[in-house]
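So the structure is just underneath, and the comments pick up after that.
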Amino acid sequence: MAIAIFFVAAALAVAGGIGVITFRQPIRSVLSLVVVMIALSILFLLLSAQFIFVAQVIVYAGAVMVLFLFVIALLGPAKEIAKGRLRFQTWLSALFVLALFGLIWAMLQGVQYRQPEQTDLSTFGTVQSIGIGLFTKYLYPFELTSILLLVAAIGAIYLSRREGDDR
Amino acid sequence: MSTFDAGGSQLDTSWFLLLAAVLFILGTIGVLIRRNPLVILICIELMLNAANLTLVAFSRQLQNLEGQLFALMSMTVAAAEAVVGLAILVDIFRHRDVEDVDDLSELKG
């Protein structure tokens, strides 16, 4: 059962990824990315990472994707035109990507990760255990994260202000 | 708290790693061949998600929760990156009509 779920989710994720890079209209790329996010959240659940699953659905599939959709709505649906400039880029990138995939493939052959030994799944990956980790050992990075988000929010507001608003 | 087991412990970690590699490669292809800056940002999000999948997969393999915490942190960083990147894009698009990242080459000198 879990294997079937894995393969369905993996197929969805790969199909969505191919959709992201092949669709000409940005809005379709964004919607394909939502498919990828949902499929990945199912995989996180299979990996017994419940909190990451919830965060993935809310933060990524919810907030970040809505942000992308808003920006597309703001900028208008611009279709991408394939220009004739720098045609060799495509072939060069194909070569580069093949080399990269070969490297990753070779690395994956080196590791022989099988199934992990049974663990206590009543504690692993639950909100409780994540919270304990986040608020004790990793409290300092967690607090720094809030500063990062604040800086990002201020930067976004500053960058997207209107012309002539800077008094 | 009830035990939650989706049956995922029958799955090999290397399958997840392979899937993450495929998704990362797809994102790389998108960054390299697409011309719309917005789509390039979307492809970067795809690559970040693939990296997150490896983090969570290794977290389960090594029975160490820190991988999941790292995944949470990288999710935050990805959200901040998307916000700032999109704000820069909106600012650029407001000032001129860019339909190709090759048009943004002022820093080339």
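The values are calculated or read from the model by the stated rules, or taken from the named source; none is laboratory data. Only a predicted model underlies this, so the values are computations on that prediction, with no experimental measurement involved. We place every Cβ from the backbone using ideal geometry, glycine too, and count neighbours over all the protein chains shown. Note: accessible area is taken over every heavy atom of the protein model, side chains too, but ligands, DNA and RNA are not part of it. Shrake-Rupley method; radii C 1.70, N 1.55, O 1.52, S 1.80 Å.
Just a few scattered comments:
- Within 10 Å of the Cβ of each residue in A:128-141, the mean number of Cβ atoms contributed by other protein chains is 2.
- Isotropic mean projected area of the C-alpha convex hull, chain B (nm²): 9.4 nm²
- Computed from backbone phi with θ = phi - 60° and the Karplus coefficients 6.51, -1.76 and 1.60, the 3J(HN,Hα) list for the range B:77-87 is 4, 5, 5, 4, 5, 5, 4, 5, x, 5, 5 Hz; x is used for glycine and proline.
- Remark: mean inter-chain Cβ contacts per residue of B:100-107 equal 1, using a 10 Å Cβ-Cβ cutoff to other protein chain atoms.
- Peptide packing for A:12-24, A:29-41 was compared via the average number of neighbouring C-beta atoms within 10 Å per residue; ordered from the highest value, the list is A:29-41, A:12-24.
- Using 0.36 nm per residue and subtracting the Cα-Cα separation, the extra length available between A:Q25 and A:V151 on full extension is 42.2 nm.
- Rolling a 1.4 Å probe over the protein chains gives A:T136 an accessible area of about 90 Å².
- 3J(HN,Hα) couplings calculated from phi for the range A:6-14 with the Karplus curve 6.51 cos²θ - 1.76 cosθ + 1.60 (θ = phi - 60°) are, in sequence order, 4, 6, 5, 5, 5, 4, 4, 5, 5 Hz; Gly and Pro show x.
- Summed buried accessible area for A+B [probe radius 1.4 Å, Å², rounded to 100]: 7900 Å²
- Two-site label geometry, B:S14 and A:F7: point separation in nm, points 7 Å out along Cα→Cβ: 1.8 nm
- A viscosity of 1.002 mPa s and a temperature of 20 °C, combined with the Kirkwood radius over Cα pairs in Stokes-Einstein, give a translational diffusion coefficient for the protein assembly as shown of 107 µm²/s.
- Counts of other chain beta carbons within 10 angstrom of each beta carbon in peptide A:67-75 average 4.
- Each listed q (0.15, 0.17, 0.20 Å⁻¹) maps to a log10 I(q)/I(0) for the range A:1-101, found by the Debye formula over equal Cα scatterers with no solvent: -0.79, -0.92, -1.06.
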